[in-house]
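Q: Take a look at this one; I'll ask things after.
Bear in mind these aren't lab numbers, they're just calculated from the coordinates by the rules spelled out. Everything numeric here is computed off the predicted structure, so don't read it as measured data. Here Cβ is always computed from backbone atoms with ideal geometry, including for glycine, and neighbour counts include all displayed protein chains.
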Amino acid sequence: MRPASVGFQCPDCVAAGRASIRQPRRTTSARLAVARLGPITTGLIAANVLAFVITVATAGGQIMANYLSPIFADFSTAPILVADGQWWRMLTGAFLHYGLTHLAVNMFSLYVLGRDLEQYLGSVRYAAVYFLSAIGGSVAVLFFAFPLSSVAGASGAIFGLLGATGVALYQRKANLRSLFAILAINVFISFLPGISLAAHAGGFLFGAVAGAIVIYGRRRSQAIVAGLIGLGVVLVALTLLGAALLIG
C-alpha cells in the first residue's frame, strides 16, 4: 500500500501497462525522468505547482492559508457561480489546492497513477481521460454539493485516473481485489469532513467511462474520438441542466 491524497494506492493497481511498454533508450537523466513520467503528467504537476505558488504570492505569502488569495474567489468550483455563467470554474478549480499538504498528496497521487497510465493509454488519450474526469467531478459537485460551497483540488481527476486504471486491469484480466480494497478505503475517506464525495464519485465514474472508451477502442481511432466527443457532449449537457436546476 502507498499513501495517497484520496486514501491508499497499491503498486499493482497502477502498473497495468508496464509489461507492454518498451523501455526508453538511454538519454540524459533529466530527459529520462520526464520520459518515464510522461509529458502530460509532468505538465499537469507543473501547472498545479505553479498555480499554488501564484495563490501563495497573492495571499501575502501564506502557504497554509493560500485560500485567502482572490484567485480562489474567481476560479474555484462554486456551483451557484457556475450557474450564473462562470463556466470556466468547471475546470479551473481542479488546479487549485487548499494549502501545501493538499497539493502535495494530490501531486503524489497524480505521479503514482499517471506515470503508468499515461504510458499505457498514450499521452493524448490520457490527457482526454484526465480532463473529462476533472469536469465530471465538477458536474457531480454542481448537482450534489451545497450551491454556495467552493470546491478545489485535483482529486476528482485523480479518482478518474483510478477508474480508468480499474478498466485497464479488468481488460487485462488482472486481479481486481487490490483495486476494490483501495477503492473501498478511498470511498470511506471521501466521507470525512472537508472532502468532496461528489467530486470523487463523479470523477471516478466519468474517468472509468472515458477509460473504457479509450481502452476498448484502442485499435479504432475514429471510434475513440467519437466516443470521447460524445462523452464531452454529455458533460456539457449535464452542466447546463445542473445550472438550470440551480437557477430555477
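Q: Check off (1) touching a Ser or Thr at 6+ places or on another chain (Cβ under 8 Å); (2) under 26 Å from L245 (Cα atoms); (3) surrounded by fewer than 24 Cβ atoms within 10 Å (Cβ to Cβ) for F131 and give me the number that stays unchecked.
A: (1)
Q: List pairs: first residue in segment 225-247 and more than 11 Å from A83 (Cβ to Cβ), second residue surrounded by 13 or more Cβ atoms within 10 Å (Cβ to Cβ) and among the small types (G, A, S) anywhere in the structure, Cβ distance under 7 angstrom, at least six positions apart or on different chains.
A: Once the first residue is more than 11 Å from A83 (Cβ to Cβ) and sits in segment 225-247, its partners that are surrounded by 13 or more Cβ atoms within 10 Å (Cβ to Cβ) and among the small types (G, A, S) give G227/G217; L228/A128; L228/A210; L231/A210; L235/G136.
Q: Now a separate question. Which residue, of T92, T55, is without any contact (Cβ under 8 Å) to a residue 40 or more places away in the chain and either assigned to a loop (DSSP other than H, G, I, E, B) or of a type in the set (V, I, T) (or both)?
A: Residue meeting the stated conditions: T92.
Q: Which one of the conditions (1) crowded, with 22+ Cβ neighbours inside 10 Å; (2) in a helix (DSSP H, G or I); (3) not charged (D, E, K, R) does H97 fail to meet, given that it meets all the rest?
A: That leaves (2) as the condition not met.
Q: Report yes if V105 is in contact (Cβ under 8 Å) with a residue 40 or more places away in the chain and either over 18 Å from I40 (Cα atoms) or basic (K, R) (or both), otherwise no.
A: It is true that V105 is in contact (Cβ under 8 Å) with a residue 40 or more places away in the chain and either over 18 Å from I40 (Cα atoms) or basic (K, R) (or both).
Q: Within segment 141-161, track down each residue that is part of a helix (DSSP H, G or I) and surrounded by fewer than 24 Cβ atoms within 10 Å (Cβ to Cβ). Don't jump to the end; show me each part of the working.
A: Looking only at segment 141-161, we keep the residues that are part of a helix (DSSP H, G or I), and these are 141-144, 155-161.
Matches in segment 141-161: F143, F144.
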